[in-house]
Every structure is written in structure tokens, then in C-alpha cells.
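Q: Here you go, one structure.
Derivation of every value follows stated rules applied to the coordinates shown; laboratory data play no part. Note that this is a predicted model, so its numbers are computed, not measured. Every residue, glycine as well, gets a Cβ built from its backbone with ideal geometry; the counts of neighbours run over all protein chains shown.
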Amino acid sequence: MPDILIAPSILAADFANFGAECRAVQNAGADWIHVDVMDGHFVPNLSFGPATAKAIRPHVTGTMDVHLMIAPVDPYIDAFADAGADILTAHVEAGPHIHRTLQAIRAAGMRPGVALNPGTPASAVAHVLDLVDLVCVMTVNPGFGGQSFLDMTPKIAELKRMIGDRPVHIEIDGGVDPTTAPKVVQAGADVLVAGSAVFRGGSVDDPAPYAANIKAIRDAAQGVWA
Ligand code: DX5
Ligand code: ZN
């Protein structure tokens, strides 16, 4: 069975304490830190940009997984490389030249990812699977944390078949919790982003719930093979 990686989204963290929140969820068992960048144009919300990602970087011991919900992408690639992003994911819907974007991300020294909105078919990324390290399947319409999970199980299974034996992660983003995690893992996902389901009930002063929340997601996901 594949290892399941849990990537807490700091969109659900305390924005005044990102460094401490990153340390707390890593101590609680997080594998990656997922950093959601929103521009108020590609999605109807604003979060933060490369300067904030750079400030977070020293507090991330493992992989910093940056999800760009912005358009255009290309003018900001170097800034995210400078910020220390390990994975930089662009939406396939964000512009007309996804190959150029993914090649530029690789050329800047990062691992490229491509994300699909819920309404976008798997076929939209068929011709870029050799260029990416990760495909992110959105299970909410991007822009906000805490939304209800949209079931993309057939699309995940189709992408799994399309990816074949390429070393490409399938990441799920939106509404992941212990009830939805098993479905997406069964369909082929191996990276689970979770905001609300990780940070709920805890804080930097009381981070104990984070470990229980992460364990609940991981146990549910791995229960698929039990
Ligand atoms: C949605 C973001 C997600 C989001 C996940 O636009 O890309 O990463 O923060 O949050 P939850 O887990 O609360 O759906
Ligand atoms: Zn995200």
C-alpha cells in the first residue's frame, strides 16, 4: 500500500502565528505543509503571497507545498522559488499555456504540480503528465476553507489509470476529513490536504487536538487496506 501523506493547509491556521502553527502540526505528525495562495481574481478570495511563504519557510522542516490559485502564474514563479517552495502547483484553468508554466516551474528548481477544478475533466491534464510531480484534484471549488466535499472519485480513478507507473502524486484538496479520506485513497490518492479537519479544536496554545485530528485522518485513510 502507498504511504499516505497528510498536508495541513495553513489557510485554516491562525494567520498571526503561522510559524508556530507550522511547527505544531509538524510535531503532530504532518508530512507536508500546504500553502494556499489566492489572488481575488482566479478565485473570489485573497490570502497572501510569496513574502508570506518566504517567512513561513524556516518553520517548515519538510516539504513546502504551494498551491497557486492565481492567474496569471508565470510572472510569480521566480518569487516562489526565492520563497523556498518545494512544490509549486498551478491550475490548468489559470492560463492558455500550461506547458510553458510547468516547464518554467521545473526550470526554477521546484517540483511542478497541476491542479484541476471540480468542473474540469481529467483529460485536461492528459498531455502534461510527463511534466509534473503532482496532480491536485480539487474536491471543492477553490477559494475558501471549510466547504463541503464534492465527490470526484471517478475522476481520481481515471487520473490514476492515466498516470500509470509515472512517479506522480495524486493530491486531494477540499473537504478532506476522516469520512471522505477513505474514498479518495481507495480511488488512488496518496496526498491528503486538510485544513479544517486538522486545525479544528486546537490552537498554538493548545495544539494537542492537532495530533488526534491528523491521526484520525491517517487511520481512516489507511483503514482502506486493513
Ligand atoms: C481551497 C484550498 C484548500 C482549503 C482546504 O481553496 O485550496 O487547501 O484550504 O480546506 P478544508 O480542508 O477546510 O476544505
Ligand atoms: Zn489548496
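Q: Mind checking which lysines have their C-alpha under 24 Å from Lys155, skipping anything on the same chain fewer than 8 residues away?
A: Lys183
Q: To continue, here is another question. What fraction of the DSSP beta bridges in region 5-225 is antiparallel, stated in percent and rounded to the nearest 5? Provide the component values of the computation, followed by the final result.
A: On the way: 1 of 33 bridges.
Here the share of antiparallel DSSP bridges comes out near 5 percent.
Q: Same structure again: Where the eigenvalues come from the Cα gyration tensor of region 5-225, what are the semi-axes √(5λ) of the equivalent ellipsoid, largest first, in whole Å?
A: Working from the Cα gyration tensor, I get semi-axes of 24, 22, 15 Å.
Q: Relative contact order for region 87-197 using alpha-carbon pairs under 8 Å, separation at least 6, rounded to a whole percent?
A: Once divided by the residue count of region 87-197, the mean separation gives 22 percent.
Q: Between Pro182, Pro209, Pro75, where does the largest GNM mean-square fluctuation fall for the chain, given springs only between Cα atoms within less than 10 Å?
A: Pro75
Q: Can you tell me the relative contact order of the chain? Whole percent, Cα pairs under 8 Å, sequence separation 6 or more.
A: 20
Q: Provide Cys22, Cys136 in ascending order of the number of other Cβ atoms located within 10 Å of each residue's Cβ, fewest first.
A: Numbers: Cys22 23, Cys136 29.
Starting with the residue having the fewest Cβ neighbours, the order is Cys22, Cys136.
Q: I'd like the chymotrypsin sites (Phe, Trp or Tyr not before Pro) in region 1-94 restricted to DSSP loop residues with at most 16 other Cβ atoms within 10 Å, sorted by number.
A: When the chymotrypsin sites (Phe, Trp or Tyr not before Pro) of region 1-94 are filtered for loop state and at most 16 Cβ neighbours within 10 Å, Phe15 remain.
Q: Next up: Could you tell me the distance between the Cα centroids of region 1-69 and region 142-194, to the nearest Å?
A: The two parts, judged by their Cα centres, are 18 Å apart.
Q: Hey, fewest Cβ within 10 Å first, where do Asp14, Asp190 land in order? Spell out each step's value before the answer.
A: Working: Asp14 15, Asp190 19.
Sorted ascending by nearby Cβ count, the order is Asp14, Asp190.
Q: Sticking with this structure for a sec: Ignoring everything except DSSP H segments at least 4 long, calculate the 222 nm mean residue ellipticity for the chain; use -39,500 (n - 2.57) per segment, divide by total residues, nearest 500. Could the numbers behind the result be given before it?
A: Values: 8 runs with 71 residues, N = 226.
Mean residue ellipticity, 222 nm, calculated: -9000 deg cm²/dmol.
Q: Order by neighbour count: Ser9, Ser47, fewest other Cβ atoms within 10 Å first, most last.
A: Arranged by neighbour count, lowest to highest, Ser9, Ser47 become Ser47, Ser9.
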